[in-house]
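Following: one structure in structure tokens, then a few remarks.
The values are calculated or read from the model by the stated rules, or taken from the named source; none is laboratory data. Small disclaimer: the values here were computed from a predicted structure and weren't measured. Note that we place each Cβ from the backbone using ideal geometry, even for glycine, and neighbour counts take in every protein chain shown. Side chains are part of the model used for accessible areas, which takes the heavy atoms of the whole protein and leaves out ligands, DNA and RNA. Shrake-Rupley method; radii C 1.70, N 1.55, O 1.52, S 1.80 Å.
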Amino acid sequence: MEVAIEGSPQQVASLAADAIENLLTSRPDAVLGLATGSSPIGIYDELSRRVAAERVSFKGASAFTLDEYVGLPANHPQRYRTVIEQVFTRKVDIDPSRVHGPDGNAADLEAACAAYEKAIRGIGGIDLQILGIGTDGHIAFNEPSSSLGSRTRIKTLTQQTRLDNSRFFGDHLDAVPTHCLTQGVGTILEARQIVVVATGRAKAEAVHQAVEGPVSAMWPASALQFHPRVLVVLDSAAASRLQLADYYRDVWRHKPTWQAF
């Protein structure tokens, strides 16, 4: 696990975008894993600027989203498929038919989850997965106590997650769905590369537990310690609880040029 501590959210987004640009430069048909929420927005904005400047192209790429609310109407603005269309798909040059998400309105949700796992395997897996991290340490919608070997499935959201997400629903907690479909921790860990972004002091404890704490289902993001290629990109506030922050800065500063992520 590599930890990069930047001075601002804009620098966090730029560094994460660098990893994605490097991948697409070497593999134009790469498969990306897309996250929703506030954390990745800066990355998508930065990537859209680079597409406009013809630095990078998504024309040959495919993408899979991490999760989806259960039961939101297809035209709901907070449906994650809609959000991804707005913050990513429409801003870059990816073919919209190559952007896939789990079906939160399927008549058979269990079958929809199995089909999503099969689709990811069928394309050869995720090359690079973008992740945010919840204040309680969840990744995707794998809430505390989730199995670290879990696959795509239906999950009940915690009160904390619904409170955190209520800002997207006009601060009306009752409007936030209680269930979602989500890639499992085990599914996420099969991505060949993972880039985690976190900004703000509210994420500091979760970042500390994920990076430096024991691996525990109580902090699902801690399972990322098992992955051989994880880059955690933080601003100073999100890194404020890290006991080895100075060491991580030193390691990143002296990273060999040949040791690309």
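Which ones in region 196-251 are charged (D, E, K, R) and in a helix (DSSP H, G or I)?
Selection gives Arg201, Lys203, Glu205, Glu212, Asp246, Arg249, Asp250.
Taking the criterion of being assigned to a loop (DSSP other than H, G, I, E, B) and within 24 Å of Tyr116 (Cβ to Cβ), the residues of region 39-55 that qualify are Ser39, Pro40.
The residues of region 207-216 that are open to solvent by less than 40 Å² (accessible area, probe 1.4 Å), farther than 19 Å from Ala13 by Cα and not hydroxyl-bearing (Ser, Thr, Tyr), listed by number, are His208, Gln209, Ala210, Val211, Gly213. If you go through region 33-92 and keep only what is in contact with a Gly (Cβ under 9 Å, 6 or more places away or on another chain), within 24 Å of Thr199 (Cβ to Cβ), open to solvent by 30 Å² or more (accessible area, probe 1.4 Å) and modelled with pLDDT of 95 or more, you end up with nothing. Among the numbered conditions (1) assigned to a strand (DSSP E or B); (2) surrounded by fewer than 16 Cβ atoms within 10 Å (Cβ to Cβ); (3) β-branched (Val, Ile, Thr), the only one that Thr257 does not meet is (1). Restricting attention to region 217-250 and to residues that are over 19 Å from the mean Cα position of the chain (by Cα) and of a type in the set (Ser, Thr, Tyr), the residue that is least open to solvent (accessible area, probe 1.4 Å) turns out to be Tyr248.
Total residues in region 127-145 satisfying the condition of being among the polar types (S, T, N, Q) and surrounded by 22 or more Cβ atoms within 10 Å (Cβ to Cβ): the figure is 2.
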